[in-house]
Amino acid sequence: MERGKAGKAGLNVVVTTMVSDSHTWNLVFLQLLLEELGHRVTNLGPCVPDEVLAAECRRRRPDLIVLSSVNGHGYNDGLRVVAGLRACPELRGTPIVIGGKLGIAGAEDGARARALLAAGFDAVFEEAASVDAFRSYVRSLPAGVLL
Ligand code: B12
């Protein structure tokens, strides 16, 4: 689904989950949140295979890639997927973030987030409480604040 309500300013954002995850409302939530902030969102939907995700991002060259996962496999899926995205020369400098319910034991002590950052993510947002931090992160990106 692609919804282009925003004007020329703002970010082009790809919102997606990963191949193992069939949850959908997390993606709808993120799409609406980003559109409310004035950005243009391409929502790739659930269960996106790694190669489709990389191909879509290479083709669209978004300003931001947002991965969401809530099924408990997000940590492992994220480590694998970000390595694939960062291996594409066009996506080496693209902001890529991940969030949701990334494991099966809550947000833990930060070790999971540190490992995801080390693997190539620019930011990690665990659980619903991180939505405000995500909003601030988006506003901190060039063209992330609309005039
Ligand atoms: C509906 C649902 C399903 C439906 C999904 C239907 C669909 N088309 O979406 C079905 C029945 C298919 C399903 C299946 C499964 N589910 Co389910 N599901 C749910 C449920 C009840 C609601 C999810 C939902 O729609 N929430 C509404 C959205 C808006 O909220 P959200 O997803 O939590 O996202 C919020 C935050 O997490 C956050 N967020 C999410 N992503 C991101 C990203 C960023 C960047 C940021 C900032 C924030 C953020 O923002 C959102 C708004 O606050 C939850 C339990 C619950 N009450 O949350 C379990 C739940 C997510 N499911 C769970 C599990 C285990 C499964 C299954 C593995 C069950 C099974 N054994 O088969 C399968 C997995 C299927 C798969 N391949 O992924 C677990 C995950 C456990 C974990 N992570 O610790 C949960 C938490 C239930 C539980 N308590 O155990 N599920």
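The values are calculated or read from the model by the stated rules, or taken from the named source; none is laboratory data. Since this is a predicted model, take the numbers as computed values, not measurements. Methodologically, a virtual Cβ is constructed for each residue, glycine included, from the backbone with ideal geometry; neighbour enumeration extends over all protein chains shown.
Can you find a residue in the range 20-32 that is under 22 Å from residue 140 (Cα atoms) and either in a strand (DSSP E or B) or free of Cβ contacts under 8 Å to residues at least 24 places away in the same chain (or both)? Yes: one or more hits.
Candidates in the range 8-35 are the residues that are of a type in the set (Ser, Thr, Tyr) and within 9 Å of the ligand (Cβ to nearest atom); of these, the one that is surrounded by the most Cβ atoms within 10 Å (Cβ to Cβ) is 17. Of all residues in the range 119-130, those satisfying the criterion of being at pLDDT below 95 and of a type outside the set (S, T, N, Q) are 126, 127, 128, 129.
Criterion applied to 67, 116 was being of a type in the set (A, V, I, L, M) and touching a Ser or Thr at 6+ places or on another chain (Cβ under 7 Å), and the one residue passing it is 67.
Taking the range 79-122 as the range and being more than 24 Å from residue 49 (Cβ to Cβ) and aliphatic (A, V, I, L, M) as the test, the residues that pass are 105, 107, 111, 113, 117, 118. Of the residues that make up the range 89-109, is at least one closer than 21 Å to residue 133 by Cβ, away from the ligand (no atom under 15 Å from the Cβ), out of contact with any His (no Cβ under 8 Å at 6 or more places or on another chain) and free of Cβ contacts under 8 Å to residues at least 12 places away in the same chain? For the range 89-109, residues closer than 21 Å to residue 133 by Cβ, away from the ligand (no atom under 15 Å from the Cβ), out of contact with any His (no Cβ under 8 Å at 6 or more places or on another chain) and free of Cβ contacts under 8 Å to residues at least 12 places away in the same chain: present. Filter the range 58-83 down to residues that are among the small types (Gly, Ala, Ser) and closer than 23 Å to residue 141 by Cα and give me whichever is surrounded by the fewest Cβ atoms within 10 Å (Cβ to Cβ). Once the filter is applied, the top-ranked residue is 83. Taking the listed residues 79, 116, 85, the one that is at pLDDT 95 or above and within 14 Å of the ligand (Cβ to nearest atom) is 116, with no other qualifying. Are any residues in the range 8-22 under 8 Å from residue 77 (Cβ atoms) and within 13 Å of the chain's Cα centre (by Cα), and if so, which ones? Within the range 8-22, just 18 meets the criteria.
Scanning the range 36-57 for residues that are surrounded by fewer than 19 Cβ atoms within 10 Å (Cβ to Cβ) and over 16 Å from residue 18 (Cα atoms) yields 36, 37, 38.
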